[in-house]
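Below: the structure, in structure tokens.
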Amino acid sequence: MQFNNLLCEIDGPVAIVTIHRPKALNALNQETLEELLVCFQGLAENSLVRVVIITGSGEKAFVAGADISFMENLDVLTARKFALLGQKALSTIENLPQPVIAAVNGFALGGGCELALACDIRLASENAKFGQPEVNLGVLPGFGGTQRLPRLIGKGPAAELLFTGNMIDAAEAFRLGLANRIVPQDQLLPACREMAEKIASRGPVAVRLCKDAVNSGMEMDLARACQYEADHFALCFSSDEQKEGMRAFLEKRQPKFQG
Ligand code: CAA
């Protein structure tokens, strides 16, 4: 897949998507959001890809937000359209059948923080900075930040970040549960890749069903969500994967999952 603002490399079971707009610290304009949508729609259909890593180009920024020069002259209708496009792109990432790991390699601000929030797992480099500074620009987050941030870190800490526009470092993001782990910058992609390869070596159907159980279950009450989990658990017993996984354990060998 060829894009103007993205690189998408597929290496075995792992795809790495890099947002590449270095002059604007990888800020998300309309074209980049449209490309993200197309890219992730394509990855969803690629059964050879088992895990996706998303990162930003360069050593300074993951994504410094939605593109402010693009947004400056929007009117009410075009602003709404832009927010809905961003939300569609990020929902496609959140609901990708395969797990998505954000390699947060610098500033993850505004739409960049929202992009990281749409991923399943966030690994941060030591120089990463997170924040939702939209209120400094006279707007609020438009790509789902007011909804995903409180769901991830709780309402109080999310409200503080959203209402103050404060930027926090990787250590604070880790303390709040916004970053799963902090690693030195030169170790970030290797650490993401190691995690991706570990996930890719597990039963791919089980991993996909597990992701769906987590994401869909979070939006249900506990009783319904547990029922949903039981249905997914049962579904695994229709797959060769469950037979291979359990047989391998009993035969004291590593499983060989075909996917
Ligand atoms: N949009 C457009 N351009 C951006 C940008 C953005 N979000 N962030 C940075 N840039 C551009 C700068 O304008 C600058 O361009 P020029 O070289 O042409 O002047 C270039 O990237 C480098 O940036 P700085 O010179 O500002 O770099 P810095 O190291 O001094 O500061 C920064 C880095 C703290 C990230 C600062 O650039 C910054 O505050 N950026 C804006 C962050 C922001 O407010 N993001 C939220 C956007 S609103 C949003 O995302 C809404 C939504 O939810 C939909």
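Check whether at least one residue in the range 105-117 is outside any helix (DSSP H, G or I) and closer than 23 Å to V49 by Cα, and report yes or no.
Yes, the range 105-117 contains at least one residue that is outside any helix (DSSP H, G or I) and closer than 23 Å to V49 by Cα.
For the range 86-99, which positions are within 13 Å of the ligand (Cβ to nearest atom) and open to solvent by 30 Å² or more (accessible area, probe 1.4 Å)?
Across the range 86-99, the qualifying residues are Q87, K88.
From I54, I68, I16, I10, which residue is open to solvent by 40 Å² or more (accessible area, probe 1.4 Å) and within 19 Å of the chain's Cα centre (by Cα)?
Exactly one of I54, I68, I16, I10 is open to solvent by 40 Å² or more (accessible area, probe 1.4 Å) and within 19 Å of the chain's Cα centre (by Cα), namely I10.
So which of A24, A83, A102 ends up being surrounded by 24 or more Cβ atoms within 10 Å (Cβ to Cβ) and within 26 Å of L140 (Cα to Cα)? Step through it out loud before you land on a result.
On the way: A24 fails: surrounded by 24 or more Cβ atoms within 10 Å (Cβ to Cβ); A83 fails: surrounded by 24 or more Cβ atoms within 10 Å (Cβ to Cβ).
When all the criteria are applied, what remains is A102.
Under 27 Å from the mean Cα position of the chain (by Cα), open to solvent by 40 Å² or more (accessible area, probe 1.4 Å) and at pLDDT 95 or above: is that true of L235 in this structure?
So L235 passes the test.
So L48 ticks every box in (1) crowded, with 18+ Cβ neighbours inside 10 Å; (2) away from the ligand (no atom under 15 Å from the Cβ) but one. Which box is left unticked?
(1)
If you check M246 against the conditions, is it of a type in the set (A, V, I, L, M), open to solvent by 40 Å² or more (accessible area, probe 1.4 Å), touching a residue at least 24 places away in the same chain (Cβ under 8 Å) and not assigned by TED's automatic domain parsing to the domain that holds N46? Explain how you work it out, then say what you get.
Numbers: of a type in the set (A, V, I, L, M): yes; open to solvent by 40 Å² or more (accessible area, probe 1.4 Å): yes; touching a residue at least 24 places away in the same chain (Cβ under 8 Å): no; not assigned by TED's automatic domain parsing to the domain that holds N46: yes.
No.
The values are calculated or read from the model by the stated rules, or taken from the named source; none is laboratory data. Bear in mind the structure is a predicted one, so any value in this text is a computation, not a measurement. Please note: Cβ atoms are built from the backbone with ideal geometry, for glycine as well, and neighbour counts cover all protein chains shown. Side chains included, ligands, DNA and RNA excluded: accessible areas come from the protein's heavy atoms. Shrake-Rupley method; radii C 1.70, N 1.55, O 1.52, S 1.80 Å.
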